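Here the structure is laid out as structure tokens; the discussion comes afterwards.
The values are calculated or read from the model by the stated rules, or taken from the named source; none is laboratory data. Computed from a predicted model, the values in this text were never measured in an experiment. Note that each Cβ is placed from the backbone with ideal geometry, even for glycine, and that neighbours are counted across all protein chains shown. Accessible surface is based on the protein model in full, side chains and every heavy atom, while ligands, DNA and RNA are left aside. Shrake-Rupley method; radii C 1.70, N 1.55, O 1.52, S 1.80 Å.
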Amino acid sequence: MRFRAKIIDISCIQRLTRVLATLSRMAKTCVLRLTPTKLYFIFSETAGTSGGVSMWCELTQGNIFDEYRIEGVDESNNIYLELVPENLSRAMRSAGSAQAVKIKLTKKHTPCFTFEITLPSLSTHTRSVVHDVPVSVVPQRNWEEYSEPNMPDFDVSIYMPPMKTVRNVVERMKNLSNYMTIAANVKGSMTLGVETDLVTIATHFKHLDNPVWEGEENLQTQDKEEMAQARIEIKKMATFLQGEQFGPNKVICNIIDSRAIQFFLVHDDLSLQYIIPAVSR
């Protein structure tokens, strides 16, 4: 099992640094799946009677790395590693002005991602910084636990308003309640609201677009005014909104009425799914 990669382009170094910084705020631990063409960051909570949050982040390696070599444990050429995103983020933060970043899978006292960062120098000699980030190898018998989430049978799919606007609304509502309700319909309307014993507050968005998914054409063209909705923990919504730092091209919200909300965040070379289970009143 071998892995070695190299980044030279400073914009790619900075992009990977931003991705890791954002993921470190969204998950304390995750599984990194390495394949010949893509990297997947996978996180799934199982605690709690209502289920847990799950995250699936996908990066195309060719848009990040100048060199990329992988030898997996079988013909699929996959490697699964459990790690702490904050540790990866901390290593990449020292590469802000790097000339090159090499990343390889090594065996020290424990398996590690070793970052070799070449920094500019005023002399003829280059400076380098080395970070060893401990990782755990996921046994092949457990790989099925980290499969891509299935597309849920949602009731409404809608494009989100600008993430910055939503984040500002959620930050204000977070001071009033631990829970919020997201509702939307196929007419392009969305409502974010909180309800307590003392106050009910809602923010309404109109004229949003509804994406059309393959096989769901009839659902999105029906003349429906009724809202599908789900009540979720505000702190989990706030965690998802950390993805605003990616500068996404679009964000899709799929609502499974009273059960869960699935978000799709799409950028040029990155996609992220984030599923938040509903909670009962």
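Table for the structure above
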{"quantity": "Tilt relative to the chain, helix 163-173 - C-alpha long axis, 0 to 90 degrees, to 10", "calculated": "60"}
{"quantity": "Interchain or long-range residues, amide H under 5 Å from VAL212's placed H", "calculated": "none"}
{"quantity": "Surface accessible to a 1.4 Å probe, per residue, for the residues of the stretch 156-259, Å²", "calculated": "54"}
{"quantity": "Cα centroid separation, the stretch 68-82 to the stretch 118-192 (Å)", "calculated": "24"}
{"quantity": "Virtual spin-label span in nm between ASN63 and LYS108, 7 Å along Cα→Cβ", "calculated": "3.2"}
{"quantity": "Rounded FRET efficiency, nearest 0.05, which uses the C-beta distance separating LYS164 from THR200 and R0 of 22 Å", "calculated": "0.35"}
{"quantity": "Of every Cα-Cα pair in the stretch 156-259, the percent that sits beyond 19 Å", "calculated": "43"}
{"quantity": "5 angstrom amide H check on SER44, placed H, neighbours 5+ away", "calculated": "MET55"}
{"quantity": "Stretchable slack from SER280 to THR124, in nm (0.36 nm times residue separation minus alpha-carbon distance)", "calculated": "49.7 nm"}
{"quantity": "Carbon and sulfur %, accessible surface of the chain computed with the full protein complex present, 1.4 Å", "calculated": "45"}
{"quantity": "Order of exposure, largest accessible area first, which applies to TRP143, TRP56 with probe 1.4 Å", "calculated": "TRP143, TRP56"}
{"quantity": "Solvent-accessible surface (1.4 angstrom probe) belonging to ARG167, in square angstrom, nearest 10", "calculated": "90"}
{"quantity": "Area of HIS204 that stays accessible when all protein chains are in place (1.4 Å probe, Å², to 10)", "calculated": "120"}
{"quantity": "Rounded to whole Å, sorted largest first: equivalent-ellipsoid semi-axes of the chain, Cα gyration tensor", "calculated": "38, 20, 18"}
{"quantity": "Hydrodynamic radius by Kirkwood, which averages 1/r over all alpha carbon pairs of the stretch 2-146, in angstrom", "calculated": "16.0"}
{"quantity": "Label-to-label distance, nm, for residues given as THR35 and ASP209 (7 Å Cα→Cβ offset)", "calculated": "2.7"}
{"quantity": "Coordinate range along principal axes, alpha carbons of the stretch 75-160, Å, largest first", "calculated": "62, 38, 25"}
